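The values are calculated or read from the model by the stated rules, or taken from the named source; none is laboratory data. All of these numbers come straight from a predicted model, not from anything done at the bench. Quick reminder, even Gly has a Cβ in these numbers, built from the backbone with ideal geometry, and neighbours come from all protein chains shown. For the accessible areas, the whole protein counts, side chains as well, though only heavy atoms, and no ligand, DNA or RNA atoms are used. Shrake-Rupley method; radii C 1.70, N 1.55, O 1.52, S 1.80 Å.
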Amino acid sequence: MSVTGLYLGRPEDLSKLFSGLLHLGYEVIGYKVVDNVLRLVNVRNFSELAKDIEDLQAPGKYRIQRGDFFRHGPDSPKKFLYPSELKLFTVMGDWSIRYPEVDEVKLAFFGIKPCDLASIKVMDRVQGVIGDEYFKLLRSNLVLIVENCTRPASTCFCATMGTGPRAKNGFDLSYTRIGDKLVVEAGSELGVKLLNLMDVVPIDNVTYREFEDVMCKAYMAARADFTTDNLPEVLELGINSSVFTDVASRCLGCANCNLVCPTCFCFDVVDVPRLDGSADRVRVWDGCLNYTYAMVAGGHFRPDIWARYRHFVLHKFAYWIKQFGVFGCVGCGRCITWCPVGIDLRETVSRIFKEVKSGG
Amino acid sequence: MRKLKVAVYKFSGCDGCQLQFLNMEEELLQLTDKVEFTMFYEAKRDNKPGPYDVAFVEGAISTPHEVDVVRKLREESDIVVAIGACATYGGIQALRNWANVEEFKRYVYPNPEWIEALKTAEPASAYIKVDYEIYGCPVSKEQLLLFINQLLRHKVPVLPVDSLCNECKRKGNVCVIVAKGTPCLGPVTRAGCNAICPTYGRGCYGCYGPMIDPKPELLAEKFKELNLTSKEIALLLRQFTNWAKPFREVSRRYG
Amino acid sequence: MVKLSSMLTPRPSLVVGVRVETSNVRTYYVKLPEDVNLPKPGQFDLLYIHGVGEVPISVSDIYYDKRIVAHTVRFVGSVTKTFAYIREGDIIGFRGPYGNGWPLYLCEGKDLVIIAGGIGLPPLRPVIREVARNRAKYNKLIIVYGARNPKELIYRYEYVDYESIPNTELYLTVDAPDETWRGNVGVVTALLPKINLRPDNSIAFICGPEIMMKYAVKELLNMGFKGNQIFLSLERRMRCGVGLCGHCQMGPYFICKHGPVFPFWFIDRYFWVDQI
């Protein structure tokens, strides 16, 4: 029994955890290097998981190289839980409805970072009581093995958003790699069960101090140039700020930010009529940066790119709180890295923050 | 229901777009229950004169004769649909618009005086009112089929107009600009092809033409950061849809 | 295997009548499926044409006993244009009702001012019907309606009925009159100052193009109306009707589930912001 809840093991123990999950019938989703990018994919062997790799992330740029710690790639849990294309149903020629059948899979995310854990919690709020059935189906059997982030990337700001770099709750098991030590924490009943599969002992004082030190340093590294104190109100006060027009003057309107965002949930429904008289209705990801997003027949509510960009920013940091009680941004930095022209969300927010605070 | 009378006709182009009708294979059999290909030289011998309900026209308009024919087709058809990069933007034929056609003629043909060519190769819309355009080089048979299915259900046909990035990311591709520094026209190009090129790790060539509200001038700035020369940037934008105005203007700016 | 279902599933419903309103506006009378709730005035439904698409259409009349609901559609978009091919006896997909509806309970004992522009009248027609049915509950009814030209005025055939409701005033205006037009000329908002409204004891319901609503609100506020006496029905792109697809946001509000009817003072902070 450890009073801190933390246990000490070795990185090799992770393979036991991995096997344990497979044994319990879970499909394990973890990071694997595919074509020089860290991808979140179904992994069958522990050895497939990315190892000795580091991701270099900067605005508009992503590379990998040899290293000892990585954060993430373009994929987030959303890829699995809220797929980009999902056939809702087929309306047959006689108006009967055929719903798709899906396998009852049990997914385990292995080694996702606290920001992505937070993104799942955000999705929980968004889907709420009436939300997406497919999401809820997967969510009800979901296991979350989270790796705490000891070395945030230059695009990360989870500490500011309060989502990392250490996972606080909502996981089944979290682990932290410190050199050849592994610090493990169980966050659920299943987590305790999984912990017992590993060869761990209660954490000792020296390692605890090391853990604390590593997490504190990571925390300092994952901060943006603004705080969340009154952030929704401050940003809404800056609703007419020229910062939006200024930043958006570089924006392509391609919607990559929406598409890589782990929490963006907007969807369009596409009709696919067929010659046999049936027709599908397919749900596909949409994004507020797309021109057609706010278009209606005979009108347009946000024809200008700055207005669409402003909606993106304000939704994440202001409206989302009002709608769902959490921020829509988890500080993962994907929209910064994967923006083809490298627009930095943090910069936009902090400029408006400063402008409003200085009464500008 | 009366069958839809359809004409498929080609101007200056490679036949690739009308071939997409034939590539439908299985669906083609079902399609012929609802559609009568009244004129389709590529597919049959027995071609009948108009009027037609719908005329699908492929290829750029590049000779005076083609102007006459496309005008006649317009008169004979309720709906005219331009299909493919050539019929919608002039296609690769329009590459000659960047130079002097008389010089081309002298260079290529032993008797250039026999060649009757217009000064520029243009999309069908330069000469007639085009009701709808289906983009791509070639057009995708899925889009073609969707278009016809929409028409058959009396729907004003709609095809995607936002960026290719949407389709590319939905498909699970990784951005080639960000992960490899490969120049890609995806962020300014209309979706519709299901991101074929980026799926194979290559940049988009923009064959579907500019998306709605495109910003090629900003993407060109990014290409500069990727150490492309002005000439390279100009040529990137000067491919299958070089004559599309937003691409043409930025390409011109870079040389 | 698990079979999914979807709350976006349309219910096949019979079109029991079609009425031509103008050259590009028709009303579709839909028999509701048995287990569907009857709508309240101001709510909307999602109507699906097989293989074509789905559109949000506000309820323009409710026949409570026959369970028939009217939807007045203007043919402007790729889906609505297909409505021109829908005939009596056809099946269309239905789901609804969605949204909150007009707060009629607040209007009891008060003057009710209805301000509509163009295709904004249909969502307010059930309100007129309600006042006619329960006339004693409400004070004066004032209807102000404008369209681009006389041919685009919707429901012209029943204006006499509106005027025959006791204690009711009907004001009509068009931007571009034709030779038959004897009435007011100009925008709806220009007409407002000429009408004797009682800001101290009135509720205003407004629906029309966003620009018209902005001017109408300004005019009413000038007259002394308070933000909690003005209600607007707003429009946005919509895909789901239940606050999931994201499209209909105006600031933090989902028009589909928090609206489409809003008390003005709820939204005044966002209403004036350009391209919000």
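A single member of A:GLU185, A:GLU210, A:GLU189 is out of contact with any Asp or Glu (no Cβ under 8 Å at 6 or more places or on another chain) and free of Cβ contacts under 8 Å to residues at least 12 places away in the same chain, and it is A:GLU189. Looking across the range A:17-35, the residues that are surrounded by fewer than 16 Cβ atoms within 10 Å (Cβ to Cβ) and within 14 Å of chain B (Cβ to nearest Cβ) come down to A:VAL34, A:ASP35. Pairing residues of the range B:125-142 that are under 20 Å from B:GLU27 (Cβ atoms) and touching a residue at least 24 places away in the same chain (Cβ under 8 Å) with residues that are assigned to a strand (DSSP E or B) and open to solvent by 30 Å² or more (accessible area, probe 1.4 Å), at Cβ distances under 9 Å and at least 6 apart in sequence or on separate chains, gives B:TYR132/B:ILE79. Among the residues making up the range B:138-151, those that are within 19 Å of C:ILE86 (Cα to Cα) and open to solvent by less than 20 Å² (accessible area, probe 1.4 Å) are B:ASN149, B:GLN150.
Of all residues in the range B:98-148, those satisfying the criterion of being within 13 Å of the chain's Cα centre (by Cα) and among the hydroxyl-bearing types (Ser, Thr, Tyr) are B:SER125, B:TYR132, B:TYR135, B:SER140.
Within the range A:318-331, the only residue that satisfies the criterion of being open to solvent by 10 Å² or more (accessible area, probe 1.4 Å) and away from every other protein chain (no Cβ under 14 Å) is A:CYS329. Restricting the range C:10-19 to residues that are at the interface with chain A (Cβ under 10 Å from one of its Cβ atoms) and open to solvent by 20 Å² or more (accessible area, probe 1.4 Å) leaves a set whose member that is nearest to C:VAL36 (Cα to Cα) is C:ARG11.
Can you go through C:LEU4, C:LEU46 and tell me which one is free of Cβ contacts under 8 Å to residues at least 12 places away in the same chain, of a type outside the set (Gly, Ala, Ser) and within 14 Å of chain A (Cβ to nearest Cβ)?
The match here is C:LEU4.
So if I check each of B:PHE21, B:PHE40, B:PHE56, which one is among the aromatic types (Phe, Trp, Tyr), at pLDDT 95 or above and over 22 Å from B:VAL67 (Cβ atoms)?
On inspection, the qualifying residue turns out to be B:PHE21.
So, A:ALA279, is that one within 24 Å of A:ASP132 (Cβ to Cβ) and facing chain C (nearest Cβ under 8 Å) or not? The answer is yes for A:ALA279.
Here is a yes/no grid of residues against (1) in contact with a helix residue (DSSP H, G or I) (Cβ under 6 Å, 6 or more places away or on another chain); (2) farther than 24 Å from A:TYR319 by Cα; (3) within 14 Å of chain B (Cβ to nearest Cβ):
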site	(1), (2), (3)
A:ASP68	no, yes, no
A:PHE80	no, yes, yes
A:VAL102	no, yes, no
A:VAL122	no, no, no
A:GLY128	no, no, no
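Being open to solvent by 30 Å² or more (accessible area, probe 1.4 Å) and within 9 Å of chain A (Cβ to nearest Cβ) is the filter; apply it to the range B:168-196 and report the residue that is nearest to A:LEU56 (Cα to Cα). Among residues in the range B:168-196 that are open to solvent by 30 Å² or more (accessible area, probe 1.4 Å) and within 9 Å of chain A (Cβ to nearest Cβ), the one nearest to A:LEU56 (Cα to Cα) is B:LYS180. Within the range C:79-91, residues that are within 9 Å of chain B (Cβ to nearest Cβ) reach partners that are open to solvent by 50 Å² or more (accessible area, probe 1.4 Å) with beta carbons closer than 6 Å, at six or more positions or on different chains, in the pairs C:THR82/B:HIS154; C:TYR85/B:HIS154. Remark: B:LYS129 matches the filter, which requires a residue to be surrounded by fewer than 16 Cβ atoms within 10 Å (Cβ to Cβ) and either at pLDDT 95 or above or aromatic (Phe, Trp, Tyr) (or both).
Among the residues of the range A:296-309, the ones that are under 19 Å from A:LEU252 (Cβ atoms), in contact with a Lys or Arg (Cβ under 9 Å, 6 or more places away or on another chain) and facing chain C (nearest Cβ under 8 Å) come to 1 in all.
Of all residues in the range C:20-43, those satisfying the criterion of being under 17 Å from C:PHE75 (Cα atoms) and open to solvent by less than 10 Å² (accessible area, probe 1.4 Å) are C:VAL25, C:THR27, C:TYR28. What is the one condition in (1) surrounded by fewer than 24 Cβ atoms within 10 Å (Cβ to Cβ); (2) without any contact (Cβ under 8 Å) to a residue 40 or more places away in the chain; (3) within 14 Å of chain A (Cβ to nearest Cβ); (4) in a helix (DSSP H, G or I) that B:GLU103 does not satisfy? All conditions pass for B:GLU103, except number (3). Does C:MET238 satisfy the criteria of being within 14 Å of another protein chain (Cβ to nearest Cβ), in contact (Cβ under 8 Å) with a residue 60 or more places away in the chain, buried (at least 16 other Cβ atoms within 10 Å of the Cβ) and part of a helix (DSSP H, G or I)? The answer is no for C:MET238. Across the range A:257-273, the number of residues qualifying as within 10 Å of A:THR90 (Cα to Cα) and surrounded by fewer than 21 Cβ atoms within 10 Å (Cβ to Cβ) comes to 1.
Scan the range B:127-140 and tell me whether some residue there is hydrophobic (A, V, I, L, M, F, W, C) and part of a helix (DSSP H, G or I). Checked against the condition, which is being hydrophobic (A, V, I, L, M, F, W, C) and part of a helix (DSSP H, G or I), the range B:127-140 yields no hits at all. Pairs linking a residue in the range A:90-105 that is farther than 23 Å from A:LYS136 by Cα to a residue that is assigned to a strand (DSSP E or B) and open to solvent by 50 Å² or more (accessible area, probe 1.4 Å), with Cβ atoms under 7 Å and 6 or more positions apart or on different chains, are A:MET92/A:ARG98; A:TRP95/C:PRO12; A:TRP95/C:ILE91.
Residues in the range B:233-244 that are touching a residue at least 24 places away in the same chain (Cβ under 8 Å) and open to solvent by 10 Å² or more (accessible area, probe 1.4 Å): B:LEU236, B:ARG238, B:GLN239, B:PHE240, B:TRP243. For the range C:142-149, the count of residues that are more than 26 Å from C:ARG26 (Cβ to Cβ) and at pLDDT 95 or above is at least one. Any residue that is over 16 Å from A:TYR319 (Cβ atoms), in contact with a strand residue (DSSP E or B) (Cβ under 9 Å, 6 or more places away or on another chain) and not in a strand (DSSP E or B) - is there at least one of those in the range C:242-253? Yes, the range C:242-253 contains at least one residue that is over 16 Å from A:TYR319 (Cβ atoms), in contact with a strand residue (DSSP E or B) (Cβ under 9 Å, 6 or more places away or on another chain) and not in a strand (DSSP E or B). When C:ALA70 is tested against (1) without any contact (Cβ under 8 Å) to a residue 60 or more places away in the chain; (2) within 20 Å of A:VAL272 (Cα to Cα); (3) open to solvent by less than 20 Å² (accessible area, probe 1.4 Å), only condition (2) is not met. Every residue in the range C:206-235 that is aromatic (Phe, Trp, Tyr) and either within 12 Å of another protein chain (Cβ to nearest Cβ) or without any contact (Cβ under 8 Å) to a residue 60 or more places away in the chain (or both), please. The answer is C:TYR215, C:PHE225.
A:THR263 - would you say it is of a type in the set (Ser, Thr, Tyr), in a helix (DSSP H, G or I) and within 14 Å of another protein chain (Cβ to nearest Cβ)? No: the conditions fail for A:THR263.
Restricting attention to the range B:21-33, the residues being touching a Lys or Arg at 6+ places or on another chain (Cβ under 6 Å) and open to solvent by 10 Å² or more (accessible area, probe 1.4 Å) number 1.
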